[in-house]
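The values are calculated or read from the model by the stated rules, or taken from the named source; none is laboratory data. Every value quoted in this text rests on a predicted model; they were computed, and no experiment measured them. Neighbour counts run over all protein chains shown; Cβ positions are idealised from the backbone, glycine included.
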Amino acid sequence: MLFNSLPFLIFLPSVVLIYFALPFRWRWILLLLASYFFYGFWKVEYLGLILLSTTVDFFAAQYISRSENQLYKKLGLAISLITNLGLLAFFKYSGWFLNDVLYPISIINQEQLEGFRTFWDYALPVGISFYTFQTIGYTIDVYYNRTKPETNIFKFALFVSFFPQLVAGPIERFSHLQRQLFAEHRFSYKLIQHGGRLILYGLFIKMCIADNLSPIVDQIFDQQDEASPLQLFAGMILFGIQIYSDFHGYSLIAIGTARLFGIELMDNFNAPYTATSIREFWSKWHISLSTWFRDYLFIPIGGSKVSTIKLAVNILIVFLISGLWHGANWTFVVWGAIHGFAYLLERWFISRNTSAWLKIPQWFVTMSITFLAWIFFRSQSVTDASTYILGMFRSESNGIEIEWNTTIISFLGVFLLSDLAFKDRGFNSWINDKSSAKRWAVYAFLIFSITGFAGTTNHPFIYFQF
């Protein structure tokens, strides 16, 4: 069920109304049933995997908590990691392994490969990377005594499957989400106001920005051999804006949806394209994932309190795995490697306490690296990405015919300027400072834009594929 679809438009208000109409003790059960219905709306078969992960991690955490022997605790953690990462590897990466390893060395033939592709295209569960990391984080927290295990398996199931953030985050921590899921929230205009306007703004940047940019970006990347260098540069920049508005839009809708129930999810973005370093970029982009990697991978393998060489290795491991987490393709590995090496060069050669006049060139370099890396993220293969980059510097060609919409260009300007205005405070805080008349003028503009200028095609959220 897509956030920007008619079924969700019916589903969400119905769940909110029933939630606040029910006695407090039954509300979490409604959320659990609604979450399973929401997830099963794609394919009911997906529910089996999320139930398996939920069951394994519930009992693994119980086993870890009750064991006094450290070896038994490690065994419980190993069961959780092997099960969850095994499922993730099988459904997300085995097809890549067959295609890029076994097929090239003739262990399987073309007919067998196509059969496997058909299966994996059908079987890849939406959001498996997100809920897998969320439930793994819970088990690790129990192992390190950072949280106590949930004693009710159905309540734990709600933590794993809470529908606003189930399929594309934010990736929440048990200690932050669990106490909110089972608190008694009272219906108020403030909840509806704050949640509703986040949803509205999220729909605007998804449907009016991302969905309208999608056909232009697709055309340029699909016809990169005929596109002019200027068009290729435009395609690179527009994809960077598209993926940001698409994923940021999803996150805002998710946060706003949870807010309707009185639940606050963590922010996932903070004007990342204002960053003046790769380090700062990753403190502002997909915050829930970058902090997850910091706490559950980078620190456990030694963090920064190691030798210079080991630190470099640790940082590269995190960025390479982060790239691979996004998809089963060498393009994502290269994308992660670009960010990793850029991060290291910054750490070694650029002082954090630079003068103000250096911020502009630092921003330019940071954005150049970021947007260049997006070409690998968007391309189907490393060869395609390399060809695209070389094409940006070839002699001028006639180019392709692209239909530019002045309205969409205006929307782009509004979005980028608003991102600057909301930096470090968010849309809700910004609009709270405005008078009632100004707030309703903004609401009217967003509603008018969505109803009148949304993309003609309802594109799935890009991060649903991860």
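Values as computed for the structure displayed
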{"read-out": "Only one of Arg197, Arg146, Arg186, Arg179 that is free of Cβ contacts under 8 Å to residues at least 12 places away in the same chain and either more than 30 Å from Gly76 (Cα to Cα) or surrounded by fewer than 23 Cβ atoms within 10 Å (Cβ to Cβ) (or both)", "value": "Arg179"}
{"read-out": "Test: residue in the stretch 310-322 that is crowded, with 21+ Cβ neighbours inside 10 Å and either under 13 Å from the mean Cα position of the chain (by Cα) or assigned by TED's automatic domain parsing to the domain that holds Phe11 (or both)", "value": "yes"}
{"read-out": "Candidates Tyr250, Tyr273, Tyr244 - the one that is under 17 Å from Leu12 (Cβ atoms) and not small (Gly, Ala, Ser)", "value": "Tyr250"}
{"read-out": "Residue match in the stretch 86-97 (condition: at pLDDT 90 or above and surrounded by fewer than 14 Cβ atoms within 10 Å (Cβ to Cβ))", "value": "yes"}
{"read-out": "Residue list for the stretch 5-47, restricted to those being among the polar types (S, T, N, Q) and either loosely packed, with under 15 Cβ neighbours inside 10 Å or not assigned by TED's automatic domain parsing to the domain that holds Ala168 (or both)", "value": "Ser5, Ser14"}
{"read-out": "Residues of the stretch 334-389 satisfying the condition of being small (Gly, Ala, Ser) and at pLDDT below 90", "value": "Ser351, Ser355, Ala356"}
{"read-out": "Failed item, numbered, when Gly115 is tested on (1) modelled with pLDDT of 90 or more; (2) in a helix (DSSP H, G or I); (3) of a type outside the set (Lys, Arg)", "value": "(1)"}
{"read-out": "Residues (crowded, with 20+ Cβ neighbours inside 10 Å, more than 15 Å from Phe163 (Cα to Cα) and not aromatic (Phe, Trp, Tyr)) located in the stretch 244-270", "value": "Ser245, Asp246, His248, Gly249, Asn268"}
{"read-out": "Pairs, first assigned by TED's automatic domain parsing to the domain that holds Trp28 in the stretch 157-171, second of a type in the set (Val, Ile, Thr) and outside any loop (DSSP other than H, G, I, E, B), C-beta under 7 Å, six or more apart", "value": "Ala157/Thr54; Val160/Ile50; Val160/Thr54; Val160/Thr135; Ser161/Ile50; Pro164/Thr257"}
{"read-out": "Residue list for the stretch 343-390, restricted to those being surrounded by fewer than 19 Cβ atoms within 10 Å (Cβ to Cβ) and either of a type in the set (Phe, Trp, Tyr) or in contact with a Pro (Cβ under 8 Å, 6 or more places away or on another chain) (or both)", "value": "Trp348, Phe349, Trp357, Trp363, Phe364, Phe371"}
{"read-out": "Enumeration of residues in the stretch 139-191 that are of a type in the set (Lys, Arg), part of a helix (DSSP H, G or I) and within 22 Å of Leu49 (Cα to Cα)", "value": "Lys155"}
{"read-out": "The stretch 405-454: number of residues that are under 19 Å from Leu213 (Cα atoms), in contact (Cβ under 8 Å) with a residue 12 or more places away in the chain and of a type in the set (Phe, Trp, Tyr)", "value": "3"}
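Quick grid of which residues meet (1) among the β-branched types (Val, Ile, Thr); (2) assigned to a helix (DSSP H, G or I); (3) within 26 Å of Tyr93 (Cα to Cα); (4) in contact (Cβ under 8 Å) with a residue 12 or more places away in the chain:
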{"residue": "Val313", "(1), (2), (3), (4)": "yes, yes, yes, no"}
{"residue": "Leu316", "(1), (2), (3), (4)": "no, yes, yes, yes"}
{"residue": "Phe319", "(1), (2), (3), (4)": "no, yes, yes, yes"}
{"residue": "Gly323", "(1), (2), (3), (4)": "no, yes, yes, yes"}
{"residue": "Arg347", "(1), (2), (3), (4)": "no, yes, no, yes"}
{"residue": "Gln362", "(1), (2), (3), (4)": "no, yes, no, yes"}
{"residue": "Thr366", "(1), (2), (3), (4)": "yes, yes, no, yes"}
{"residue": "Leu372", "(1), (2), (3), (4)": "no, yes, yes, yes"}
